[in-house]
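Student: So that we are looking at the same thing, I have put the structure below in structure tokens.
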Amino acid sequence: MPTAVAVSEGWGRNELKFRLQKRNFNIATMVCMSTETRHSMKSGASGEQRTTRKITLAVLRQMRLEQRPIAMLTCYDFPTAQILADAGVPLLLVGDSAATTVLGEKSTVHATMDFMLTITRAVRKGAPGVFLLADMPFGSYPTVETAVENARRFLSEAGADAVKMECDRRQEPMIAAMSAAGIPVCAHLGLLPQHVAQEGSYRYRGRTQEEADRLVADGVALVKAGAVLILLEAVPDTVSRRMVEAVDCPVLGCGAGPSCHGHVVVLHDMLGLSSQTPRFVERLADLPSVISQAARTWVSTVENREYPAARHQYPIK
């Protein structure tokens, strides 16, 4: 986007439109920055804003104790990680949702270990100060030994601070082993996208008292086994409230109501890049329109021979 704007400068008929669209996009990306995080930022010599401290698990725990909401977004690449870190997002999730949002697959099960490690490493380079959570992809934790080894790779090779795995009480020994190996784990409960083929639908979970009781009991058991974070996806707020009261770690929500300590949405949904978005996503920007207009302007300036101008060329000395 900055490149397109820079190229368009000086072309009077498009410049104002570009600057307005750039401003609107910048405003949208800044909406997710909490007031507290704004106070923890400073301007460098270049005028860019960057976080002043490393967000650690201890910081997230303190935010929970102080009842400061935790803003979280998905991220899959280096430049976007830079933008989100500069905006003050304290927690980024390199989600296996990249399989659908980036690769165009119909399911998250198509994200592989190699792919997830690569994009996690890219996000870490772009956002060294955030708390970085990486998804364990489908098929990467069939046994305790495999789970520990693959989780270790996310920390030692890709720079993640913790891993997230879709689970229930059956993965209690696995989380205990990962915790014993020094690997922080976020237990993902509720709607489990990797299990949709098995469960049959993307319907929200915790619909009945029995389901709600089971979710809370699973969360308590997994935290007792060593999970340091809980992520609840697509559950009623009553389930989230019970979970918050039952465990002593931060509880993050993805369409899980206001009781959670923090909230995450898929970035592409928030920016309008997805054809369909869940009911709990607030669309804060229309990025497709910005990209489309930039591309149209590029095509027009090339076809009209307005590019390259003299200022875009290298001189002979």
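The values are calculated or read from the model by the stated rules, or taken from the named source; none is laboratory data. Model, not experiment: these values are computed from the prediction. Glycine gets a Cβ as well: all are built from the backbone with ideal geometry, and neighbour counts include every protein chain shown.
Student: Just to be sure before I move on: is Leu192 modelled with pLDDT of 95 or more and either of a type outside the set (S, T, N, Q) or closer than 29 Å to Ala127 by Cα (or both) in the structure I sent?
Tutor: no
Student: What are the residues in region 265-299 that are of a type in the set (S, T, N, Q) and without any contact (Cβ under 8 Å) to a residue 12 or more places away in the chain, if any?
Tutor: Once the filter is applied, which keeps residues that are of a type in the set (S, T, N, Q) and without any contact (Cβ under 8 Å) to a residue 12 or more places away in the chain, region 265-299 yields Ser275, Gln276, Thr277, Ser292.
Student: Considering Ala111, Ala87, which residue is over 13 Å from the mean Cα position of the chain (by Cα) and farther than 30 Å from Gln62 by Cα?
Tutor: Ala111
Student: With the checklist (1) farther than 20 Å from Gly253 by Cβ; (2) free of Cβ contacts under 8 Å to residues at least 40 places away in the same chain; (3) not in a loop (DSSP other than H, G, I, E, B) in hand, flag the one item Met178 doesn't pass.
Tutor: Going through (1) farther than 20 Å from Gly253 by Cβ; (2) free of Cβ contacts under 8 Å to residues at least 40 places away in the same chain; (3) not in a loop (DSSP other than H, G, I, E, B) one by one, Met178 breaks only (2).
Student: Now for a different question. Pro173: surrounded by 14 or more Cβ atoms within 10 Å (Cβ to Cβ) and not acidic (Asp, Glu), yes or no?
Tutor: Criteria not met by Pro173.
Student: Further, regarding this structure: Look through region 196-217, keep the residues that are out of contact with any strand residue (DSSP E or B) (no Cβ under 6 Å at 6 or more places or on another chain) and of a type in the set (D, E, K, R), and return whichever of them is farthest from Val239 (Cα to Cα).
Tutor: Taking the candidates together, the pick is Glu199.
Student: Provide a single number: the residues in region 269-317 that are among the charged types (D, E, K, R) and surrounded by 12 or more Cβ atoms within 10 Å (Cβ to Cβ).
Tutor: Going through region 269-317 one residue at a time, the tally reaches 4.
Student: Going through region 56-84 one residue at a time, which ones are farther than 22 Å from Asp248 by Cβ, surrounded by 24 or more Cβ atoms within 10 Å (Cβ to Cβ) and either more than 10 Å from the chain's Cα centre (by Cα) or among the polar types (S, T, N, Q) (or both)?
Tutor: Result: Thr74, single match.
Student: If you don't mind, there's one more thing I want to ask. Can you tell me which residue among Thr100, Thr146 is without any contact (Cβ under 8 Å) to a residue 40 or more places away in the chain, part of a helix (DSSP H, G or I), touching a Ser or Thr at 6+ places or on another chain (Cβ under 8 Å) and surrounded by fewer than 19 Cβ atoms within 10 Å (Cβ to Cβ)?
Tutor: Thr146
Student: Kindly establish whether Gly182 is among the small types (Gly, Ala, Ser) and modelled with pLDDT of 95 or more.
Tutor: In short, yes.
Student: Looking for whichever is over 29 Å from Arg283 (Cβ atoms) and over 24 Å from the mean Cα position of the chain (by Cα) here; the options are Val247, Val220, Val228. Which one fits?
Tutor: Val220
Student: Can you find, within region 211-243, the residue that is surrounded by the most Cβ atoms within 10 Å (Cβ to Cβ) among those that are free of Cβ contacts under 8 Å to residues at least 40 places away in the same chain and farther than 29 Å from Ala180 by Cβ?
Tutor: Going through the qualifying residues, I end up with Pro236.
Student: With the structure loaded, tell me whether Glu48 is farther than 17 Å from Leu133 by Cβ and either in contact with a helix residue (DSSP H, G or I) (Cβ under 6 Å, 6 or more places away or on another chain) or at pLDDT 95 or above (or both) or whether it fails that test.
Tutor: The answer is no for Glu48.
Student: Considering only residues that are surrounded by 13 or more Cβ atoms within 10 Å (Cβ to Cβ) and in a helix (DSSP H, G or I), look in region 181-198 and name the one that is nearest to the chain's Cα centre (by Cα).
Tutor: Applying the filter and picking the extreme gives Pro193.
Student: Would you call Met136 in contact with a Lys or Arg (Cβ under 7 Å, 6 or more places away or on another chain), among the aliphatic types (A, V, I, L, M) and within 24 Å of Ile230 (Cβ to Cβ)?
Tutor: Yes, satisfied.
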